[in-house]
Amino acid sequence: MSRIVMKFGGTSVADLERIRHAASRVRREVEAGHEVCVTVSAMAGATNRLVEQVSEAGRVYDLREYDVVVSAGEQISAGLMAVVLGEMGVQARSWLGWQIPIRTNAVHGSARIERIETEELRRRMAEGQVPVVAGFQGLDDQGRITTLGRGGTDTTAVALAAALGADRCDIYTDVSGVFTSDPRIVTKARKLERVTYEEMLEMASQGAKVLQTRSVEMAMNHQVRVQVLSSFEDEPGTLVVDEDEIVEKAIVSGITYSRDEAKITLFGVPDRPGVAASIFGPLADAAINVDMIVQNVSEDSAITGMTFTVTKADLERAVKLLAEQQQSLGYERLAHDPNVVKVSVIGVGMRSHAGVAQQMFRALAEKGINIQVISTSEIKVSVLISEDYTELALRSLHSAYGLDSE
Ligand code: ADP
Ligand code: ASP
Ligand code: MG
């Protein structure tokens with residue numbers, strides 16, 4: 001007998017028919033004698049609609065109220081799943097975040113899970129009942145509802161698996177696993193049988209939304225065995241594992257993209273010590289994250305240029321803040337461009353292989369794609385390019401690294 005956490009994403013619970021299909025998978029595991037805990041996302045599209053409604057209701061809103069509204073979708077799908085399981089003869093009970101409770105910090109809109117009380121869940125599971133936990137939501141120390149950031153039900157699932165000491169955490173979604181690139185754009189993308197925690201973490205944080213970044217972080221820290229698989233097709237998915245469980249390490253295992261980038265360039269910046277601190281300090285104080293940075297070489301050592309990226313959501317605020325401080329920062333001109341995408345190639349094999357970046361630059365050059373900013377880490381190379389070339393860049397790189405399926 002194993003203890004399993006099963007997570008169903010939005011498309012897997014999009015309507016009653018799909019909920020029934022998902023529930024039949026749950027029943028199968030229960031009938032095989034396993035203890036099962038289920039967690040569900042809101043029905044596809046529901047959270048987006050709620051987010052729109054909050055922003056229509058007020059231009060500036062309290063994030064505590066945002067959380068009350070956007071967490072609502074999961075309440076419905078959890079209840080429906082419990083009803084459908086009951087209809088199928090599987091004992092089930094729904095649980096909202098506050099009822100368990102799933103304790104989080106008070107960073108509304110992107111709260112972190114701190115603790116889950118599992119005693120009651122364990123007791124019921126031992127009696128054969130399936131808890132159906134509403135994903136994405138928790139409770140802060142003021143007793144208010146929090147949400148975990150978009151895609152947060154993945155993190156609910158992994159956190160439940162860690163707290164319950166589950167043998168497996170199965171993430172059911174609308175693709176059959178983790179692919180070498182987004183299969184919706186790169187039709188020749190291949191499913192990975194296994195991917196390391198580290199690569200998955202990098203892929204998620206560089207835009208592959210198949211798993212929320214924090215869920216991978218948590219799985220890595222708590223050694224949770226995560227499997228990503230299709231809720232529609234019966235086939236093995238992708239296992240996220242430790243590096244030593246992979247015998248043949250690919251040099252590049254994934255190519256990702258993130259459209260959530262916007263570029264800012266400051267021209268005519270005085271080239272003196274402390275200038276970077278004076279630009280990025282105020283941005284950090286305003287909780288604006290800067291991702292890629294490049295400082296241009298100054299010809300006369302007096303004036304330079306600085307290019308960097310922020311999220312699209314932060315662009316307006318960042319530009320306003322920098323414009324207000326133009327005098328004290330002493331730059332001549334500011335330009336900004338939201339029409340950019342960050343493309344990254346990722347693989348643990350890069351540690352021991354030179355030339356991966358060079359291959360990327362060459363493949364993009366052959367297609368006439370201009371690189372605007374570059375950044376690297378031990379297992380990743382990222383470039384910022386015009387958003388118009390997203391598909392072309394992904395497909396060309398996928399071929400260039402020999403990742404295409406036949
Ligand atoms: P869910 O609603 O089940 O949580 P998501 O939409 O959050 O599903 O995540 C699944 C989607 O992630 C897929 O439909 C796919 O388009 C996208 N995706 C992006 N990159 C990858 C990748 N490398 N492998 C698999 N899916 C990917
Ligand atoms: N429903 C939430 C979202 O759309 C959480 C999730 O699906 O994981 O972001
Ligand atoms: Mg998701």
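Please compute the alpha carbon radius of gyration of the chain, then divide it by the globular-protein estimate 2.2 N^0.38 Å. Two decimals is fine.
On the way: Rg = 23.0 Å, N = 406, 2.2 N^0.38 = 21.6 Å.
That ratio works out to 1.07.
Note down the net charge around Arg123, summing +1 for each Lys or Arg and -1 for each Asp or Glu among other residues with Cβ under 12 Å from its Cβ.
Cβ neighbours under 12 Å give a net charge of -2.
Under the rule of at least 5 residues apart or a separate chain, name every residue whose amide H is placed under 5 Å from the amide H of Thr304.
Those qualifying (amide H under 5 Å, at least 5 residues apart or on another chain) are Gly268, Val269, Asp271.
Taking 8 Å as the Cα distance limit and 6 or more residues as the minimum spacing, I'd like the relative contact order of the chain as a percentage.
14
If you line up the long axis of helix 153-164 against the longest principal axis of the chain, both from Cα atoms, how many degrees apart are they, to the nearest 10?
Taking the Cα atoms of the chain, the angle to 153-164 is about 60 degrees.
With the dipole of the chain worked out from charges on the C-beta (+1 for Lys and Arg, -1 for Asp and Glu) around the Cα centre, which of Val310, His336, Val30 lies farthest toward the positive end?
Val30
Roughly how many Å² of Ile76 are accessible to a 1.4 Å probe, to the nearest 10?
We get 100 Å² for Ile76.
Classify segment 277-343 as rounded, prolate or oblate, taking a ≥ b ≥ c as the square roots of the eigenvalues of its Cα gyration tensor: rounded when a/c is under 1.5, otherwise prolate if a/b is larger than b/c and oblate if not.
oblate
What residue among Val226, Val69, Val383 shows peak mean-square fluctuation when the chain is described by a Gaussian network model with Cα springs under 10 Å?
Val69
Given the options Ser77, Ser352, Ser110, which has the most mean-square fluctuation in a GNM of the chain, springs set between C-alpha atoms less than 10 angstrom apart?
The residue with the greatest mean-square fluctuation here is Ser352.
Sorted from largest to smallest, which semi-axis lengths in Å does the alpha carbon gyration tensor of segment 1-123 give for its equivalent ellipsoid, taking the root of 5 times each eigenvalue?
So the three semi-axes of segment 1-123 are 29, 19, 10 Å.
Please work out the Cα center distance from segment 313-366 to segment 291-307, rounded to the nearest Å.
That distance is 13 Å.
Show me the ranking of peptides 195-202, 230-237 by mean Cβ neighbours inside 10 Å, starting with the highest.
Numbers: 195-202: 24.1, 230-237: 14.9.
The most tightly packed comes first, giving 195-202, 230-237.
Packing-wise, with mean Cβ within 10 Å as the measure, how do 181-189, 340-348 rank, highest first?
340-348, 181-189
Explain nothing, just the number: dipole magnitude of segment 295-406 about its Cα centre with +1 on each Lys and Arg Cβ and -1 on each Asp and Glu Cβ, in debye rounded to the nearest 20.
The dipole of segment 295-406 has a size of about 240 debye.
Which order do peptides 47-58, 3-14 fall in by mean Cβ count within 10 Å, highest first?
The peptides rank, most packed first, as 3-14, 47-58.
Arg194's amide H: which non-local residues (gap 5+, or another chain) put their own amide H closer than 5 Å, with H modeled 1.01 Å from N in plane and none for Pro or chain starts?
Correct list: Leu239.
Give me the orientation-averaged projected area of the Cα convex hull of segment 166-305, in nm², one decimal. Numbers along the way, then the final one.
Working: hull surface 48.9 nm².
So the mean shadow area of the Cα hull is 12.2 nm².
Using a 1.4 angstrom probe on heavy atoms only, work out the carbon and sulfur share of the accessible area of segment 292-406 in %. Provide the component values of the computation, followed by the final result.
Working: 2800 of 5830 Å².
Its accessible area is 48 percent carbon and sulfur atoms.
Which value in Å is the Kirkwood Rh of segment 79-121 over different Cα pairs? Numbers along the way, then the final one.
On the way: mean 1/r = 0.0828 Å⁻¹.
About 12.1 Å, per the Kirkwood formula over Cα pairs.
Distance cut-off 26 Å, Cα to Cα: go down the list Lys209/Lys263; Lys209/Lys312; Lys249/Lys367 and report the pairs above it.
Pairs exceeding 26 Å: Lys249/Lys367.
Amide H neighbours of Ser176 under 5 Å, counting only residues 5+ apart in sequence or on other chains, H built in-plane at 1.01 Å?
none
Rounded to the nearest 500 deg cm²/dmol, what is the calculated helix-only ellipticity per residue at 222 nm for the chain, with -39500 (n - 2.57) per DSSP H run of length n ≥ 4?
-10500 deg cm²/dmol
By the scheme Lys and Arg +1, Asp and Glu -1, what is the net charge of all other residues having a beta-carbon under 14 Å from that of Glu245?
Neighbourhood net charge equals -4.
Quick one: compute a quarter of the convex hull surface over the Cα atoms of segment 223-316 and quote it in nm².
It is 11.2 nm².
Where the only charges are on Cβ atoms (+1 Lys, Arg; -1 Asp, Glu), what is the dipole of the chain about its Cα centre, to the nearest 20 debye?
Here the chain has a charge dipole of around 360 debye.
The values are calculated or read from the model by the stated rules, or taken from the named source; none is laboratory data. Here the structure is a predicted model, which means the values were calculated and not measured. Virtual Cβ from ideal backbone geometry, glycine too; neighbours counted across all protein chains shown. In case anyone asks, the SASA skips ligands and DNA or RNA and just uses the protein heavy atoms, side chains included. Shrake-Rupley method; radii C 1.70, N 1.55, O 1.52, S 1.80 Å.
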